[in-house]
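The block underneath contains the structure these notes are about, expressed in structure tokens.
The values are calculated or read from the model by the stated rules, or taken from the named source; none is laboratory data. Fair warning: this is a prediction, and the values are worked out from it, not measured in the lab. As a convention, Cβ positions derive from the backbone with ideal geometry for all residues, glycine included, and neighbour counts pool all protein chains shown.
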Amino acid sequence: MNKQPVWLHTLDVQQKYPPLKTSLDIDILIVGAGITGLTAAIQLKQSNKSIAVIDAHTIGSGTTGSSTANLYVPVQNYYHQIAAKFNWQVASQVAQSRKAAIDYIEQLISQYNINCSFQRRPWYMFTKLPENRLTIEREFAALTYCDMPVDFTHDLPLTKPFTKAIKLDNQARFNPLRYLYGLAEVLVKNGERIYEQTPIVSHKEYKDYCVIETPTATIKARKLLLATHIPVGFNFLQLKVYPYRSYAVAARLAQDKYPNGVIWDIDSPHFSISSHSITGEALDLLILAGNHHKTGQAKHCCHKKQQQIVEAYLKTHFDVASIDYEWSAQHYQSADGLPYIGLASRFSKNTYVATGYATDGLTYGTIAGILLADKVQAKVNPWADIYKTTRFTPLASAVKFTKENLNVLTHYLADYPGNVESQDYLAIKPGEGKIIEEQGEKWAVHRDENNQLHRVSAICTHMKCLVKWNDAEKTWDCPCHGSRFTIDGEIIEGPALTPLKKKLFHRGEEPV
Ligand code: FES
């Protein structure tokens with residue numbers, strides 16, 4: 001079983017572009033080479049501005065490469081709920097912008113001849129439970145209002161029983177990593193610069209420009225686009241978006257009969273079922289994803305159990321030949337249910353951000369790339385207002401805002417007086433991680449399968465919450481804003497800009 005996301009593993013991801021070694025003075029710096037960043041770069045390539053894209057790791061190796069590779073108009077937060085929180089016009093604009101984003105991806109793929117298995121196919125949503133039938137009926141009505149040709153169906157490409165289902169044709173799948181590689185090639189041929197393995201350690205905005213520091217270079221940029229999934233460093237939006245982890249498995253089916261489409265089972269827990277092709281056009285893989293929880297807050301601290309629930313569902317409802325991949329991915333849910341795309345704050349003039357895509361990020365990320373490119377060029381975009389970062393939506397946000405920020409506060413306060421999991425290194429078994437207190441300092445300690453201990457500070461470098469052990473991915477995850485770190489403290493993702501402090505064991509000190 002491979003623990004990497006299927007797209008990253010099958011393309012044998014390697015660094016294609018060099019790290020940035022020398023300082024730059026440019027018009028626009030895009031931080032993040034996922035779907036948001038590279039879409040923005042493609043949109044800007046005709047702008048006569050000097051552009052560079054940098055990524056802390058490699059192209060698409062974050063959430064884009066961990067996605068389920070589905071493109072669809074429907075949203076996790078349902079259009080009938082968006083209409084209730086905002087109004088029907090906003091719901092309709094969101095639907096139209098998502099439809100336009102899928103068409104835009106298809107058009108780029110055709111224009112640049114990108115070989116990424118893009119195919120149109122239907123989306124379905126179904127329930128077996130009587131109490132969820134109303135949700136399906138409401139979403140049918142909402143999608144119809146938004147001018148989407150949705151229909152009730154009795155014909156679901158699954159054997160699982162259901163009582164109500166709807167179908168929306170003409171949605172799509174693709175290989176997101178091949179798509180990004182195609183965009184990157186177009187950019188580089190056009191003379192744009194892409195640098196991989198180039199994390200930023202700080203960014204600061206001045207009156208007419210921004211200064212961005214990396215470990216090896218200083219970048220002066222007239223405009224800065226933080227296409228980083230959540231703004232890195234400190235940003236007021238971190239009070240309005242909340243990190244969640246979802247679990248995915250990819251399997252081969254025994255009969256080679258793959259349902260053609262993306263299918264949402266909305267009974268609890270919510271699952272997304274979709275078929276894909278990793279060898280070419282023919283379907284040869286089933287991806288099942290769902291069962292999310294707040295980052296760093298798996299039930300009973302057992303992330304493996306979350307993954308096992310996904311596998312159990314798969315085995316119950318499909319004739320599985322082999323489960324080849326399992327992984328998890330992060331998403332950020334926003335307080336009012338819509339992404340935030342635009343200026344980094346109401347005081348900002350040159351720094352832009354995009355976040356809060358929930359689990360619908362490939363399509364929202366494309367919208368964000370288009371919107372951010374328009375914003376830095378001062379172009380009018382009809383979607384700008386619905387997604388703007390400075391919108392004030394107390395009624396739509398109040399419940400989630402209060403609940404999520406109380407949750408952060410609870411972790412912040414609960415973690416400080418104690419919450420140490422062990423005082424004894426010997427209590428940490430191979431494969432485990434625990435928080436240990438030593439001379440008043442808290443350490444996150446992991447014992448690997450070779451009996452080696454790895455010790456890093458347990459205090460998240462973003463805003464000082466205590467990190468939690470993730471037993472499924474062998475990482476330290478912060479429950480407050482979703483920063484995640486390796487066992488040696490390196491940043492994997494999230495708003496933190498500084499690794500966890502590492503404390504090596506000196507010779508003879510290490511307990512066995
Ligand atoms: Fe904000 Fe850890 S991510 S405190």
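(1) surrounded by fewer than 20 Cβ atoms within 10 Å (Cβ to Cβ); (2) within 27 Å of SER202 (Cβ to Cβ); (3) in contact with a strand residue (DSSP E or B) (Cβ under 7 Å, 6 or more places away or on another chain); (4) charged (D, E, K, R): which one isn't true of ASP477, the others all being true?
Of the numbered conditions (1) surrounded by fewer than 20 Cβ atoms within 10 Å (Cβ to Cβ); (2) within 27 Å of SER202 (Cβ to Cβ); (3) in contact with a strand residue (DSSP E or B) (Cβ under 7 Å, 6 or more places away or on another chain); (4) charged (D, E, K, R), the odd one out for ASP477 is (1).
Test SER397 against the criterion of being exposed (fewer than 15 other Cβ atoms within 10 Å of the Cβ) and either within 13 Å of the ligand (Cβ to nearest atom) or hydroxyl-bearing (Ser, Thr, Tyr) (or both), and give yes or no.
In short, no.
List the pairs whose first member sits in the stretch 490-501 and is at positive phi, whose second member is within 12 Å of the ligand (Cβ to nearest atom) and not in a loop (DSSP other than H, G, I, E, B), and whose Cβ atoms are under 9 Å apart, counting only residues at least 6 apart or on separate chains?
So the pair list comes out as GLY494/PRO243; GLY494/GLN330; GLY494/ASP477; GLY494/ARG484; GLY494/PHE485.
Out of the residues in the stretch 411-437 that are within 16 Å of the ligand (Cβ to nearest atom) and closer than 21 Å to THR498 by Cβ, which is modelled with the highest pLDDT?
Step by step, filter the stretch 411-437, then rank; the result is ILE435.
Okay, residues lined up against (1) part of a helix (DSSP H, G or I); (2) of a type in the set (Phe, Trp, Tyr):
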site: GLY60; (1), (2): no, no
site: GLY65; (1), (2): yes, no
site: LYS99; (1), (2): yes, no
site: TRP123; (1), (2): no, yes
site: ARG138; (1), (2): yes, no
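Under 24 Å from the mean Cα position of the chain (by Cα) and surrounded by fewer than 17 Cβ atoms within 10 Å (Cβ to Cβ), is that true of VAL188?
Judged against the criteria, VAL188 is not a match.
Which residues, counting only those in the stretch 438-472, are within 23 Å of the chain's Cα centre (by Cα) and more than 16 Å from the ligand (Cβ to nearest atom)?
Scanning the stretch 438-472 gives ASP471, ALA472.
Take the residues of the stretch 480-496 that are within 16 Å of ASP448 (Cα to Cα) and either surrounded by 22 or more Cβ atoms within 10 Å (Cβ to Cβ) or not charged (D, E, K, R) (or both): which is farthest from the ligand (Cβ to nearest atom)?
This residue is ILE487.
How about the stretch 154-210: which of its residues are in contact with a helix residue (DSSP H, G or I) (Cβ under 8 Å, 6 or more places away or on another chain) and in a strand (DSSP E or B)?
Answer for the stretch 154-210, where residues must be in contact with a helix residue (DSSP H, G or I) (Cβ under 8 Å, 6 or more places away or on another chain) and in a strand (DSSP E or B): LYS164, ALA165, ILE166, LEU168, GLN171, ALA172, ILE194.
Looking only at residues in the stretch 318-337 that are hydrophobic (A, V, I, L, M, F, W, C) and not in a strand (DSSP E or B), which one is farthest from ARG245 (Cα to Cα)?
Only one residue tops the list, namely PHE318.
Can LYS160 be described as under 25 Å from ASP284 (Cα atoms), in contact (Cβ under 8 Å) with a residue 12 or more places away in the chain and of a type in the set (Lys, Arg)?
It is true that LYS160 is under 25 Å from ASP284 (Cα atoms), in contact (Cβ under 8 Å) with a residue 12 or more places away in the chain and of a type in the set (Lys, Arg).
Results for (1) among the acidic types (Asp, Glu); (2) at pLDDT 95 or above; (3) touching a Leu at 6+ places or on another chain (Cβ under 9 Å), shown as yes or no for each residue.
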{"position": "VAL6", "(1), (2), (3)": "no, no, yes"}
{"position": "THR10", "(1), (2), (3)": "no, no, yes"}
{"position": "VAL13", "(1), (2), (3)": "no, no, yes"}
{"position": "ALA40", "(1), (2), (3)": "no, yes, yes"}
{"position": "GLN46", "(1), (2), (3)": "no, no, no"}
{"position": "ALA69", "(1), (2), (3)": "no, yes, yes"}
{"position": "TYR72", "(1), (2), (3)": "no, yes, yes"}
{"position": "TYR79", "(1), (2), (3)": "no, yes, yes"}
{"position": "ILE82", "(1), (2), (3)": "no, yes, yes"}
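Name every residue in the stretch 461-474 that is surrounded by 22 or more Cβ atoms within 10 Å (Cβ to Cβ) and of a type in the set (A, V, I, L, M), in order of residue number.
Residues satisfying the conditions are LEU466, VAL467.
Table: residues versus (1) charged (D, E, K, R); (2) closer than 15 Å to THR359 by Cα; (3) without any contact (Cβ under 8 Å) to a residue 60 or more places away in the chain; (4) more than 16 Å from the ligand (Cβ to nearest atom).
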position: SER246; (1), (2), (3), (4): no, yes, no, yes
position: PRO259; (1), (2), (3), (4): no, no, no, yes
position: ASP267; (1), (2), (3), (4): yes, no, no, yes
position: PHE271; (1), (2), (3), (4): no, yes, yes, yes
position: GLU281; (1), (2), (3), (4): yes, no, no, yes
position: CYS301; (1), (2), (3), (4): no, no, no, yes
position: LYS304; (1), (2), (3), (4): yes, no, no, yes
position: GLN307; (1), (2), (3), (4): no, no, no, yes
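One residue is enough: does the stretch 500-510 have a residue meeting the conditions at pLDDT 95 or above and either more than 23 Å from VAL201 (Cβ to Cβ) or near the ligand (Cβ under 9 Å from one of its atoms) (or both)?
Looking through the stretch 500-510, none of the residues is at pLDDT 95 or above and either more than 23 Å from VAL201 (Cβ to Cβ) or near the ligand (Cβ under 9 Å from one of its atoms) (or both).
Do we find a residue being surrounded by fewer than 23 Cβ atoms within 10 Å (Cβ to Cβ), basic (Lys, Arg) and out of contact with any helix residue (DSSP H, G or I) (no Cβ under 8 Å at 6 or more places or on another chain) anywhere in the stretch 286-297?
Scanning the stretch 286-297 turns up no residue that is surrounded by fewer than 23 Cβ atoms within 10 Å (Cβ to Cβ), basic (Lys, Arg) and out of contact with any helix residue (DSSP H, G or I) (no Cβ under 8 Å at 6 or more places or on another chain).
Tell me, yes or no, whether the stretch 350-368 has at least one residue that is over 23 Å from the mean Cα position of the chain (by Cα) and either within 30 Å of LYS85 (Cα to Cα) or in contact (Cβ under 8 Å) with a residue 24 or more places away in the chain (or both).
Taking every residue of the stretch 350-368 in turn, at least one turns out to be over 23 Å from the mean Cα position of the chain (by Cα) and either within 30 Å of LYS85 (Cα to Cα) or in contact (Cβ under 8 Å) with a residue 24 or more places away in the chain (or both).
When PHE392 is evaluated against the numbered criteria (1) over 25 Å from the mean Cα position of the chain (by Cα); (2) surrounded by fewer than 14 Cβ atoms within 10 Å (Cβ to Cβ); (3) modelled with pLDDT of 80 or more; (4) not basic (Lys, Arg), which criterion, by number, is the only one it fails?
Going through the list (1) over 25 Å from the mean Cα position of the chain (by Cα); (2) surrounded by fewer than 14 Cβ atoms within 10 Å (Cβ to Cβ); (3) modelled with pLDDT of 80 or more; (4) not basic (Lys, Arg), PHE392 breaks only (1).
Please indicate, with yes or no, whether at least one residue in the stretch 34-57 is in a strand (DSSP E or B) and acidic (Asp, Glu).
No, the conditions are met nowhere in the stretch 34-57.
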